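One structure is given here, and the rest of the page talks about it.
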Amino acid sequence: MTLNTPPVAGPGAVRTAPEPTVRRTQAFIGGAFVDAQSGRTFPTFAPATGRALAEVADGGAEDVDRAAAAGRAAFDSGLWASPSVRRDALMRLADLVEIHASELAVLDAIDAGKPITDCETQDIPEVAHLFRWYAEAIDKVFGKVSPSVDGALGVISREPVGVVGIVVPWNYPAVMLSFKAAPALAAGNCVVAKPAEQAPLSALRLAELAAEAGVPSGVFNVVPGNGPTTGRAVGEHPLIDAVAFTGSTEVGRAFLRYSADSNLKNVVLELGGKSPQIVMSDMKDDLEAIAADLAGAAFGNAGQNCTAGSRVLVANSLREELTERLAHAAARIRVGDPLDYATQMGPLIEPASLARVSRYVGEAAGSGATVRVGGQAVLEETGGYFYPPTVVADVTPDLPIARDEIFGPVVSVLGFDAEEQAVAIANDSSYGLAATLWTHDVDVAIRVSRRVRAGTVAVNGYSEGDITTPFGGHRMSGFGGRDSGVEALEQYTELKTTWFTLR
Ligand code: NAD
């Protein structure tokens, strides 16, 4: 079966969100919106139309310097040291995010091309939840007293590291920033954040809301700009004590070099993935529900998701039926204008993404794989970068489409005969971010989830866990810490031992 025409949102499609007002485009440094010192700006584009949305301050190394100095001064002032001050301000910030949720949702929808429904029902509520959850945790974390020798008292405490640099991608603009900023601020740090150049708008508005919530000047700085200039300046700055980075594995390596060549700042890396979704042979009666879940895992956010379930590994006895159902699930996904409430999938972020995705699918087709649905750019008349949900079957583990992170709405289907082989294919990757396993057999569930090398293994339903569970990767998907959970608080602290000699 070949389906090539997924539904697309045409003229007259349902309700659309209002066009946004872009209120903030300058850098936010030391509590004020300012131009880049160079006076330079860069355009941020709407991926759904290819048109420029706004000119944004292009922060250079000198602006990162100003922000780091403001962060250090705010930290040293002690204004952010009080747990109750932090808790109250971050709780108010969560409230303000909810009050301004529609505006923030529209900003991410236009700037990153994300469906407005996802932004309104998932992303922005998650941002509010993150700030509230970490605010509530602030006065519930205690230090320890050591069981040390007689005549002494050892106190073990956690202290904020100081100024934390945050460099994030565009795929969940507000959420990615908040994943880092909420625990870093809650732990008592000041931050210098660099949003992705493709989608910087919501970060600037969040900084403004933080100030309105009572976060003191200099505690929350945002410097928009490009990776190799602004991002690098964050990585190398001597006043920045730690960096939390989410993005590609290649740039993650660069942050380790920046740290090595500057002040040996602590680096936390959340990187790419090529997550397997394993369907065992006992799932024959559940294939329709599984296909829907697999489609959500592979095509959510147009596949621009670090945990995208981009490799389906299925028992050969179920392979043809599952592929067929997955192709139908993919074909039902409605691709279109991100501001249309009926849209389930928006465009890719930029023309280079469209070219990359097309190239991988074309190469796979030329190497014996079969494109079962999708496989051609759509809605080109809009000027946007739309590519439909694409299912590629007859994929062998050696093909680039099965190995590389494509970061687009493309899923490869690979077959296996035995559990051993499923584990081997799943682990035949340099990544280890996430995996999903489908089985009713509890022994298989335990055995396979133990053996798959990934930071999160979801059993019987794709998931990254929730705010209570730590999230991060094994192997080249990252190291140094975790997003989410109380574990995220710890990565923004240093351990301190205070030793009292009793006389
Ligand atoms: P990217 O690595 O190109 O960019 C991420 C950030 O790094 C951006 O802010 C960018 O400006 C900056 N940057 C780029 N080059 C830089 C350089 N030389 N020095 C300093 N900073 C630089 O990644 P992307 O294309 O924006 O995002 C996609 C990647 O992010 C994928 O690999 C995806 O898997 C990964 N990601 C991982 C997670 C996770 O939690 N593990 C979550 C989302 C995305």
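Does GLY473 meet the test of being in a loop (DSSP other than H, G, I, E, B) and under 23 Å from PRO276 (Cβ atoms)?
Answer is yes for this residue.
Of everything in the range 472-483, what is open to solvent by 10 Å² or more (accessible area, probe 1.4 Å) and either touching a residue at least 60 places away in the same chain (Cβ under 8 Å) or in contact with a Pro (Cβ under 8 Å, 6 or more places away or on another chain) (or both)? Give them in sequence order.
Within the range 472-483, MET476, PHE479, GLY480, GLY481, ARG482 meet the criteria.
Within 16 Å of the ligand (Cβ to nearest atom) and either closer than 29 Å to TYR258 by Cβ or buried (at least 21 other Cβ atoms within 10 Å of the Cβ) (or both), is that true of ILE166?
Yes: the conditions hold for ILE166.
Among the numbered criteria (1) under 26 Å from the mean Cα position of the chain (by Cα); (2) of a type in the set (Gly, Ala, Ser); (3) crowded, with 17+ Cβ neighbours inside 10 Å; (4) farther than 30 Å from GLU159 by Cα, which single criterion is violated by ALA36?
(1)
Pick from the range 431-451 the residues that are part of a loop (DSSP other than H, G, I, E, B) and within 12 Å of the ligand (Cβ to nearest atom): which of them is most open to solvent (accessible area, probe 1.4 Å)?
TYR431
Restricting to the range 236-274, what's the tally of residues that are crowded, with 20+ Cβ neighbours inside 10 Å, within 10 Å of the ligand (Cβ to nearest atom) and in a loop (DSSP other than H, G, I, E, B)?
Final tally of qualifying residues: 5.
Select the helices (runs of 4 or more DSSP H) contained entirely in the range 47-156, then report the ones holding at least 2 residues which are touching a Cys at 6+ places or on another chain (Cβ under 8 Å).
Because the criterion is at least 2 residues that are touching a Cys at 6+ places or on another chain (Cβ under 8 Å), the helices (runs of 4 or more DSSP H) in the range 47-156 that meet it are 61-77, 101-112.
So which of PRO6, PRO18, PRO47 ends up being at pLDDT below 95 and touching a Pro at 6+ places or on another chain (Cβ under 7 Å)?
PRO6
Would you pick out the residues in the range 400-430 that are farther than 27 Å from LEU269 by Cα and part of a loop (DSSP other than H, G, I, E, B)?
Residues satisfying the conditions are ASP417, ALA418.
Residues ALA109, ALA207, ALA186: which one is under 18 Å from ALA67 (Cβ atoms) and assigned by TED's automatic domain parsing to the domain that holds PRO228?
ALA207
Could you list, in sequence order, all residues of the range 47-102 that are free of Cβ contacts under 8 Å to residues at least 40 places away in the same chain and either open to solvent by less than 20 Å² (accessible area, probe 1.4 Å) or closer than 17 Å to ILE240 by Cβ (or both)?
Across the range 47-102, the qualifying residues are GLU62, ARG66, ASP76.
Does at least one position in the range 216-230 carry a residue that is more than 9 Å from the ligand (Cβ to nearest atom), in the same structural domain as MET91 (by TED's automatic domain parsing), under 22 Å from SER82 (Cα atoms) and open to solvent by 10 Å² or more (accessible area, probe 1.4 Å)?
Scanning the range 216-230 turns up at least one residue that is more than 9 Å from the ligand (Cβ to nearest atom), in the same structural domain as MET91 (by TED's automatic domain parsing), under 22 Å from SER82 (Cα atoms) and open to solvent by 10 Å² or more (accessible area, probe 1.4 Å).
So if I check each of ARG325, ARG356, which one is charged (D, E, K, R), modelled with pLDDT of 95 or more and closer than 19 Å to PRO400 by Cβ?
Selected residue: ARG356, the only one of ARG325, ARG356 that is charged (D, E, K, R), modelled with pLDDT of 95 or more and closer than 19 Å to PRO400 by Cβ.
I'd like the full set of residues that are open to solvent by less than 60 Å² (accessible area, probe 1.4 Å) and on the phi > 0 side of the Ramachandran plot, limited to the range 375-407.
Once the filter is applied, which keeps residues that are open to solvent by less than 60 Å² (accessible area, probe 1.4 Å) and on the phi > 0 side of the Ramachandran plot, the range 375-407 yields GLY375, LEU379, GLY383, PHE407.
Output the helices (runs of 4 or more DSSP H) that fall wholly within the range 287-374 and possess 1 or more residues being within 16 Å of the ligand (Cβ to nearest atom), surrounded by fewer than 21 Cβ atoms within 10 Å (Cβ to Cβ) and assigned by TED's automatic domain parsing to the domain that holds ALA424, or say none.
Those helices (runs of 4 or more DSSP H) span 351-366.
Scanning the range 452-471 for residues that are over 12 Å from ARG482 (Cβ atoms) and among the charged types (D, E, K, R), which turns out most open to solvent (accessible area, probe 1.4 Å)?
The extreme case among them is ARG453.
Looking at ILE406, is it β-branched (Val, Ile, Thr) and within 14 Å of the ligand (Cβ to nearest atom)?
The answer is yes for ILE406.
All but one of (1) within 24 Å of the chain's Cα centre (by Cα); (2) not in a helix (DSSP H, G or I) hold for VAL175; which doesn't?
Every listed condition holds for VAL175 apart from (2).
Sort out which residues of the range 489-503 are at pLDDT below 95 and touching a helix residue (DSSP H, G or I) at 6+ places or on another chain (Cβ under 9 Å), and write them in order of number.
Hits for the range 489-503 are LEU489, GLU490, GLN491.
Step by step: first the residues of the range 186-204, then only those that are in a helix (DSSP H, G or I) and touching a helix residue (DSSP H, G or I) at 6+ places or on another chain (Cβ under 6 Å), then the one that is nearest to the ligand (Cβ to nearest atom). Which residue is that?
ALA203
Check whether at least one residue in the range 456-471 is touching a Leu at 6+ places or on another chain (Cβ under 6 Å) and aliphatic (A, V, I, L, M), and report yes or no.
yes
The values are calculated or read from the model by the stated rules, or taken from the named source; none is laboratory data. Since the structure is predicted, the reported quantities are computational estimates derived from the model, not experimental observations. Every residue, glycine as well, gets a Cβ built from its backbone with ideal geometry; the counts of neighbours run over all protein chains shown. With ligands, DNA and RNA removed, areas are computed over all heavy atoms of the protein, side chains included. Shrake-Rupley method; radii C 1.70, N 1.55, O 1.52, S 1.80 Å.
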